[in-house]
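Each reported figure results from applying straightforward, stated rules to the coordinates on display, with no laboratory input. This one's a predicted model, so the numbers in the text were calculated from it and none came from an experiment. Please note: Cβ atoms are built from the backbone with ideal geometry, for glycine as well, and neighbour counts cover all protein chains shown.
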Amino acid sequence: MADQNKTDTDSKFYNEVLSPSELFAARSRSHKIPVRGQKDFFPDDSDEQRQRLEQSLNEHWSLISEERVEKLGNLVKATWIPSEHIVELQSPAGKFWQTMGFSAGGKQFLFPEEALYLMECGNVQVFYQELPLSIQDGYEKFLYSSTLRLQEYQVFGHLKRLGYLVHRFHPSSETSSYAKQLNLPQSRDRAGKQLKRKRSASPTATSSHTEAQEESTADRMEEDTCGQEGQEDKKLPESHLTISPETSSTQTATASPGNKGGVRTWWMLDDVGERSDHQPASAASRWDFSSISFPDLGSSRERLSSCLVSPDPSLLPGALAVGVCDVDPWRTRINLRDVKMSSKEQMREEEKRRHRSDKDREVRRCSNWAEYRQLMERRQGRRSKGRATHLWDGEVTPLHDPRQPIPTGELLDKISVIKSTHLLEGASRLQASDEWRISFNVYQPDTVADFKKSNPGKPYTRMCVCSFDGPVPDLRAIKQLAFQSGDVPVVFAVVDYGDISFYTFKDFQLPTDVFP
Amino acid sequence: MLHGELETLLDISITLGSQPLRDQDSMTDHKASVPAQTEGMEQGPPQVLGVSDSAPPQVLGVSDSAPPQVLGVSDSAPPQVLGVSDSAPPQVLGVSDSAPPQVLGVSDSAPPHVVGVSRCDSAPLLWRDQDLRAVRGRGLVGALLGALPRTPRQNGRLGRPLLLLPEEERLLTELHATANANQSGGGVQLSLQVKQHLEEQERSLEEQRVLALQDRKSALLHAMTSSHTGSLGPSEALRGHLEALHHSFTFPRGAMAVQLSTARAGLHHCHEDRAFLRAQQPITAQHDSKAAARYQVFRDLRGRGFYLTSAGKFGGDFLVYPDDPLRFHAHFIAVVLSLDSSLSPLDVLAIARLGSNVKKTVLLCSPGGVQYPGGAEGVQYTSLQWSGMV
């Protein structure tokens, strides 16, 4: 169809421009491509084969040489801005605007790879210096190795033609897994906020691991964080987690002697502070709860007056006036019956009370943690008489005291020599490398209907583009990319001149044969 | 070390031999129908592994003093299973084995067509239809990258540009058949170009309007004459309709058909200009030894008439087709190795398994392994194919 073979010496310009009549006739082109037949195995010099080869070749050339012809009304006009490496739309966008492009400053823009793809589809005509760009111009101008390599565009085009939604990846705009755990409102990944994650086939983040950490004791947590995170920023938020239970427990210890509501002292003070702020005018003094009585309506032991006096007006907010309160009707609503315990239960309760009083006395005598620990050890020691002391007194002691209960899983962990690890362990320490970087976020085709560019949600995968000429990604690269990607799997798109193959690495844990 | 290697080979042969009969049959069919596929290869008495070689197989790191009897194959009668014929390899396109294969091109009577190579992100691309045809005529296949204009939203068939393999580009450069087609400054002045473009658009609009009107009129005529069969006097009514159509016909600018060119227009194709461009193009030298080895193998195989494409996803360097890939399946996966590199048996096994799974023969190629009488160096080929115990 193209004007070809004007190779006579008269014509200086040799181009593939269609004449207007050809353009007009292009309306009635077929839009189907011929199906490729079965290939032969071996070339014998038969006529049949030669004929088929010729036919295939002719078909091939006719398809290749066909030029794109579109109605001007169907084309969206755009201009190329080389300084910013962006394409600006001049006429209103079509259907593609739902999933491609972005607005800035009241204008509509397309990324160069999106613009090039739309040019190839025949939806957009890009102008530069008032002349329309050919596809060749587009390739040469839009594809630079620093911003968008040819291989990355190949992968982009391949995925878009299959129907996927492909967007650029920005490492800074991805929320870290920690931020997701905290359920920060500005995080866009709604799906990534589940703290409890079942162990599924796809690689998961450290959420389950860190969960386990949080559940363990404060000491172990401290050790783990110090060991793992090193000098990363991550240490700070997690150390905050360790600090709070510690402070609360130390405060408990100091507050406990001589105070009935020991645990509450520090936050009560805080509370008082807050409340004193809210107090309108008077009562600058802090509340002294030893002087304010909170009557125990439920206890039958205390004799209560049948009515409560009205509280001090200085304690009440505003101009609230409270009268005397008649307690009797309230008491009838409370179940004041004694719990009827069997004799065995009663004996147990007595024992507990006796033990508790003993313990309390001894525990109260301890003035710091060290003494408390010693007391506990003494008690433990008293209990475990008859232990094989020759085993336990030396430097090397058995891994586990058989008299202590332990779940099978933990015991297996204790005797294991090799600790299993997961993909993201230590990944936060790795520096981002220049060689391996994630290029695109890929979303599935069936999400097109309710896809919002402002809030795309969690992508299906992320693409890292490489080639067979380059090195195979080593563990370091895989870890670093998986960390950058968070909980979204990373797929390596390996480009081989014309073909693209996709590979992914999945984190896998060997199953442990343990009954819970 | 020697025995150990041979023993491992023996072990491999045993495991390979225990294949179900079905596979064997398929392989034998494969071989039987291809009596002469080993053209141009030097074959020795075949062994169980199917490693056939007359020259010492340095590729495997095994010394050539050990006779094949270790592997327990009787090489008295050539087994038909492998379909190996020891006759002279059939001549492909008139290549004789005494001399190194010539690099084939179009017959050199006419000046060779010079193709314009446009570099995009340091990759060589061809954009013009004529260039693609010329390159195909030389037996170079390349890879299409772009969307096909007719059906842009599918990946089955792609369109221009054509990406050349580095070996293909180097071959063309050595034949002085490439020219740089990247846009250089100069040429027609920009404002003039814009004016020309706008004028062309207007002309095109007018012509298309005329054509559209004609088209509509003829359609109307056809409709009226087909419906009014018989002796009704349609001429008056018809003329009236046509007049009305003529007056009321509008062809908005939006209805005009416009071309979105694939290749950039305006590059001169006269020989003098091309020659000028050609002279200026520097030949990028390949310093990498691996790349040099690949190029040698490529040139040798191309010279024997095979068509080659890249084989990254087959674990090799090239896919070797007996004729145009449009119509024929590949026969070989060519893996390029240097003569002094040693290959572990595991690697041999891996590549052999891969080849047999895709029903292609693996070809281990080492440049410099063969010396021709003239002093030129050829390429040593070793094929691996599944045979099983007979």
Query raised in the report: Among the GluC sites (Glu not before Pro) within segment A:80-125, which fall in a DSSP loop and have no more than 11 other Cβ atoms within 10 Å of their own Cβ?
Result: A:84
Query raised in the report: What are the GluC sites (Glu not before Pro) within segment A:354-445 that DSSP puts in a loop, where the Cβ has at most 16 other Cβ atoms within 10 Å?
Result: A:395, A:425, A:435
Query raised in the report: So for the pair residue B:214, residue B:357, with labels modelled 7 Å out along Cα→Cβ, what separation do we get in nm?
Result: 6.1 nm
Query raised in the report: For residue B:338 and residue B:238 in the same chain, what is the full-extension length gain: residue separation times 0.36 nm, less their Cα-Cα distance, in nm?
Result: 27.8 nm
Report summary line: Those trypsin sites (Lys or Arg not before Pro) from segment A:26-81 that are DSSP loop and have at most 16 other Cβ neighbours within 10 Å turn out to be A:29, A:32, A:36, A:39
Requested in this report: Using only atoms on other chains, find how many Cβ atoms lie within 10 Å of each Cβ of peptide A:19-30 and report the average.
Outcome: 5
Query - Modelled FRET efficiency - R0 41 Å, residue A:49 with residue B:292, Cβ distances, 0.05 increments - result: 0.70
Query raised in the report: Can you give the average number of partner chain beta-carbon atoms within 10 Å of each beta-carbon in peptide B:323-331, as a whole number?
Result: 6
Report task. Take segment A:426-479, drop everything but the C-alpha atoms, weight them equally and run the Debye formula without solvent; then report log10 I(q)/I(0) at 0.23, 0.28, 0.29 Å⁻¹ to two decimals. Result -> -0.94, -1.15, -1.20
Query raised in the report: Tell me, in nm to one decimal, what length is gained between residue B:250 and residue B:225 on full extension, where the rule is 0.36 nm per residue of separation less the Cα-Cα distance?
Result: 6.6 nm
